[in-house]
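Step one of this worksheet: look at the structure below.
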Amino acid sequence: MKDKLKLSINVFISISIMLLLAVPAVPTLAGGDWGNGGRPVASLDISKDVSPVYAPGSSISLEKTASESSIYMSVGESREVIFMIEVEADNSDSYYIAKNIYVENTGEWPANVTAVSDTGWFRAGGPRWYHASTSVVTTMPIGQASMPTGGPYVYAYSGTFTLPAPMSSITSMSNLIKITIDNHAGDGVHIFHNRQDFQKPQGGDPGTVLLEDIETITPVSGLDYVVDAVAINGSPASLTGPWSLDLAHAPYAVEIVKTLTAQAAGEYALNNKAIIGELSDEADVLISVNEPERLKGTSRDISGRTRMATACIRTASPLLPG
């Protein structure tokens with residue numbers, strides 16, 4: 001009886017040991033917490049800042065053309081050339097926003113970032129925040145173990161937003177960042193967020209720009225020019241720039257009429273450049289100037305032929321009827 005009891009106890013102990021060996025041990029991290037059903041977990045501490053936001057600007061395009069690209073002239077000859085400058089402005093209603101996001105992973109494991117959202121918001125007299133149509137991109141990585149432990153790490157963001165109401169009715173504005181991870185301690189999927197208020201931009205018009213017309217001739221001597229007329233959208237303007245253009249009234253067509261006069265034979269390159277701030281466009285005109293063509297025969301030849309014709313007339317005159 002005792003032998004049977006001993007055998008049963010030994011079998012039970014053996015089976016218990018086998019079952020314990022079959023269950024994988026849960027690893028531990030020094031000072032860490034796996035949580036979330038045994039998965040490695042992370043937690044984030046985020047903040048951000050916002051650069052000054054400015055009123056909508058204008059995207060300017062500039063194009064310059066010439067009525068002719070090559071001209072053939074003779075010394076002493078004058079030719080008219082017309083230059084056209086087209087100025088267009090896309091007056092945007094988008095506000096530009098940018099700067100940095102700061103993220104610190106306070107957990108013991110890299111965070112699995114599954115989504116990032118960065119949006120603009122506004123208030124219009126009350127406590128409620130309203131969403132502004134936003135298009136923002138960030139440099140923050142997304143994916144498994146994409147956010148290392150430690151930090152804070154700095155990620156840039158930039159983009160635009162538009163407002164459905166006039167700026168005069170807006171009382172305050174903010175920028176909201178949301179970062180979602182799926183390995184947060186306790187609840188797994190978790191959204192971290194931070195809202196940063198910023199001063200609302202002052203309303204403004206697209207503004208005015210100065211248009212310059214700069215001309216150079218190579219070589220510098222032998223070909224002269226004068227400005228005969230300038231018209232902006234068909235109306236006469238000053239012959240000398242720069243000209244002030246109000247972008248709120250764009251587009252503009254600027255016509256510049258110039259007269260070239262050849263003083264010496266040679267090959268010339270006329271470079272005509274239109275400039276608005278750092279924006280520029282140019283038109284080149286190549287001019288070939290030749291010596292004036294001589295008449296057939298010199299003045300001596302002509303006078304000689306004249307004398308010969310006179311002699312012929314005199315010789316033939318007696319034959320003419322009296």
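Details
- Tally, over region 120-161, of residues that are polar (S, T, N, Q), closer than 19 Å to Ser92 by Cα and at pLDDT 90 or above: 4
- Conditions (1) out of contact with any Pro (no Cβ under 9 Å at 6 or more places or on another chain); (2) surrounded by 13 or more Cβ atoms within 10 Å (Cβ to Cβ); number of the one not met by Tyr130: (1)
- Scanning region 258-279 for residues that are open to solvent by 20 Å² or more (accessible area, probe 1.4 Å) and touching a residue at least 24 places away in the same chain (Cβ under 8 Å) returns Thr259, Thr261, Gln263, Ala264, Ala265, Gly266, Ala269, Asn271, Lys273, Ile275, Gly277, Leu279.
- Residue selection: Ser59 satisfies the criterion of being part of a strand (DSSP E or B) and either β-branched (Val, Ile, Thr) or at pLDDT below 90 (or both).
- Search result, residues across region 189-202 that are under 32 Å from the mean Cα position of the chain (by Cα) and open to solvent by less than 70 Å² (accessible area, probe 1.4 Å): Asn194, Gln196, Phe198, Lys200, Pro201
- Residues in region 154-168 that are under 15 Å from Asn194 (Cβ atoms) and either open to solvent by 40 Å² or more (accessible area, probe 1.4 Å) or touching a Gly at 6+ places or on another chain (Cβ under 9 Å) (or both): Val154 only.
- Some residue of region 203-211 being modelled with pLDDT of 95 or more and either within 30 Å of the chain's Cα centre (by Cα) or open to solvent by less than 30 Å² (accessible area, probe 1.4 Å) (or both): yes
- Region 212-251, residues that are of a type in the set (Val, Ile, Thr) and open to solvent by 60 Å² or more (accessible area, probe 1.4 Å): Ile214, Thr216, Thr218, Val220, Val226, Thr240
- The single residue among Gly159, Gly143, Gly234, Gly150 that is touching a residue at least 60 places away in the same chain (Cβ under 8 Å) and small (Gly, Ala, Ser) turns out to be Gly159.
- Condition met for Ser135 (assigned to a strand (DSSP E or B), farther than 30 Å from Asp182 by Cα, in contact (Cβ under 8 Å) with a residue 24 or more places away in the chain and within 27 Å of the chain's Cα centre (by Cα)): no
- Region 76-127, residues that are surrounded by fewer than 20 Cβ atoms within 10 Å (Cβ to Cβ) and touching a helix residue (DSSP H, G or I) at 6+ places or on another chain (Cβ under 8 Å): Asn91, Ala124, Gly125
- Where Thr171 falls short, out of the listed (1) open to solvent by less than 60 Å² (accessible area, probe 1.4 Å); (2) touching a Lys or Arg at 6+ places or on another chain (Cβ under 9 Å); (3) closer than 28 Å to Pro201 by Cβ: (1)
- Contact map, region 239-257: first residue farther than 17 Å from Asp213 by Cβ, second residue of a type in the set (A, V, I, L, M, F, W, C), Cβ cut-off under 6 Å, separation 6 or more or different chains; pairs are Leu247/Ala89; Ala250/Ala89.
- Residue within region 67-86 that is under 30 Å from Ser47 (Cβ atoms) and under 31 Å from the mean Cα position of the chain (by Cα) present: no
The values are calculated or read from the model by the stated rules, or taken from the named source; none is laboratory data. Everything numeric in this text was worked out from a predicted model, so none of it was measured. So basically every Cβ, Gly included, is an ideal-geometry build from the backbone, and we count neighbours across all protein chains shown. To get the accessible areas, we keep the full protein, side chains included, count just its heavy atoms, and leave off ligands, DNA and RNA. Shrake-Rupley method; radii C 1.70, N 1.55, O 1.52, S 1.80 Å.
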